[in-house]
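A short worksheet on the structure shown next.
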Amino acid sequence: MKKENIALEISIISIVTSIAATCVAIYRTPELGFDYMGVLVGILSLLTTVLIGWQIYTFIDIKKHSQNLQKISAGTSLEIQKNMAVSESANWMIYHYLLLNEDPLGLNYRFIYHGIACLFHTSQFYDIVTCNAIVKGLLECIVEPKSITVTKSGKNDILKLLYGVKDSDKIDGYLELLNRIALLDVR
């Protein structure tokens with residue numbers, strides 16, 4: 001049985017009890033005269049019932065919010081871990097290149113991918129000025145796109161990030177960047 005149903009049943013029982021108490025309190029005297037003491041007891045019992053019902057409802061509602069916060073917290077923690085993994089992967093590849101003077105995916109790919117990833121994430125919080133600077137920097141470096149070779153999956157990853165950029169119509173040079181990325185050579 002759900003907690004909401006239990007709370008509803010308890011509230012109904014409390015209301016019935018308060019009505020019964022009101023009836024008993026009003027019929028206190030044998031001559032059936034109007035008794036202010038009975039009215040006061042009835043009003044107080046009704047108010048008590050309402051307050052108890054409200055407390056039960058609030059308690060159930062707080063538990064729901066607490067569970068939602070725990071789910072959000074777990075999801076946020078997972079996203080932070082994913083971001084840390086990507087960041088550490090990029091750092092690891094830099095050191096790999098510095099030690100061995102080679103990058104398995106190529107430095108051009110790494111530069112373009114991380115530049116586009118930076119553009120994607122910056123666009124998520126609508127910082128158009130910074131997005132314009134990122135696009136300008138990428139366009140200055142990708143002068144001859146046909147001379148840059150990347151893997152097919154790498155090019156697809158870059159294009160997926162580019163298509164996810166928010167407010168791309170407000171970013172200066174976005175379409176030119178998209179065209180240059182489309183012209184990258186694939187191995």
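Before moving on, here are some points about what is shown:
- Three-way shape call for the chain based on the alpha-carbon gyration tensor, with the a/c threshold at 1.5: prolate
- Computed E for H114/N68 - FRET, C-beta separation, R0 41 angstrom, nearest 0.05: 0.75
- Here the residues Y113, Y36, ranked from fewest to most Cβ neighbours within 10 Å of their Cβ, fall in the order Y36, Y113.
- Cα-based helix-to-principal-axis angle, 128-141 vs the chain, degrees rounded to 10: 20 degrees
- Placing a label point 7 Å from the Cα of D167 along the Cα-to-Cβ line, the residues of segment 92-123 whose backbone N sits under 17 Å from it are 118-123.
- GNM flexibility winner over the chain from L47, L138, L78 (Cα, springs under 10 Å): L47
- Cleavage-rule hits (GluC sites (Glu not before Pro)) in segment 41-118: DSSP loop, at most 15 neighbouring Cβ within 10 angstrom: E102
- Distance in nm between pseudo-label sites at H96 and L51 (7 Å out along the Cβ direction from Cα): 6.8 nm
- Solvent-free Debye scattering, log10 I(q)/I(0), computed from the Cα coordinates of segment 105-186 at q = 0.12, 0.23 Å⁻¹: -0.28, -1.06
- For segment 95-129 versus segment 37-63, the gap between their alpha-carbon centres in whole angstrom: 61 Å
- Cα-Cα over 31 Å, subset of K71/K160; K82/K170; K64/K160; K71/K136: K64/K160; K71/K136
Values in this text are rule-based calculations from the coordinates and carry no lab data. Predicted, not measured: the structure shown is a model, and the values here were computed from it. With ideal geometry, Cβ positions are generated from the backbone for all residues, glycine too; neighbour counts draw on all protein chains shown.
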